[in-house]
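So the structure is just underneath, and the comments pick up after that.
The values are calculated or read from the model by the stated rules, or taken from the named source; none is laboratory data. It should be emphasised that the depicted structure is a prediction, and the values quoted were computed from it without experimental measurement. Using ideal geometry, Cβ is built from the backbone for each residue, glycine included, and neighbour counts are taken over all protein chains shown. The accessibility values were calculated without ligands, DNA or RNA, using every heavy atom of the protein model including side chains. Shrake-Rupley method; radii C 1.70, N 1.55, O 1.52, S 1.80 Å.
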Amino acid sequence: NGYKQKYEYRQAFDMPDDMHHIDIPIARKFNNKPIALTDNEIRFLAWIITEGHIDFNRAKNPTIEISQSKSNAIQVLEQLFSNLGLSPSIHFHKGRSKRTKENDWVCYYFPNEQVKKYIEILDGKKEIPRLLLNGSPEQLNVLYHEMMLGDGCRKSYYTSNENLALQFTELVLKRGHGARLEKRVRYQLFKGYNKSVKTTGYEVREYRYDTA
């Protein structure tokens, strides 16, 4: 009696280096009210986060580029642009990556007047804004599935952005599922140079089973 346990709050990635991953158990689903965005607008924001680039070379009028090489994803994107009434200019590039089975990359460029609203929502960052994470269950599902089309594979989402990894973990938990958060450190040897470069990536894996 009278014994008091002391607890310490630590960030997930401040854990010891020998910890390969962190498992977070099932959380309850969040039943927030819908935010003032359509499903197509949420989908477009998801593609900017996963496959987009915000160009601030023109500080007052930043633009957006979205690149894609997968034929099925290109069809999804072009239908989405049509649904939103967007008309980007289109450019093609040959094989940026040897790992890509399909050589042609399609790059869509959006002028500022078409995407200013979305840049403001994202605050100019390729991260999930609090607004989207506070969406309704249906909107969270739209965001999750569209982001998985961009940077997902099976049940895992991959990113090199630590903030985005934590935000996607929150998204998974708010959908009522458990999550595994893993930090991966690799050393890549560049040909022609006698040195390797340290790269850090993050994987978020969703445990898709129903809550009781």
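With (1) in contact with a helix residue (DSSP H, G or I) (Cβ under 8 Å, 6 or more places away or on another chain); (2) at pLDDT 80 or above as the list, and H53 as the residue in question, which single condition is left unmet?
Condition not satisfied by H53: (1).
Which of the residues that make up the stretch 37-92 are of a type in the set (D, E), part of a helix (DSSP H, G or I) and under 17 Å from the mean Cα position of the chain (by Cα)?
D39, E41, E51
Evaluate the following for S97: is it in a loop (DSSP other than H, G, I, E, B) and either at pLDDT 90 or above or closer than 22 Å to M148 by Cα (or both)?
In short, yes.
When you check M19 against the structure, is it open to solvent by 70 Å² or more (accessible area, probe 1.4 Å), under 21 Å from L166 (Cα atoms), at pLDDT below 80 and among the hydrophobic types (A, V, I, L, M, F, W, C), yes or no?
So M19 passes the test.
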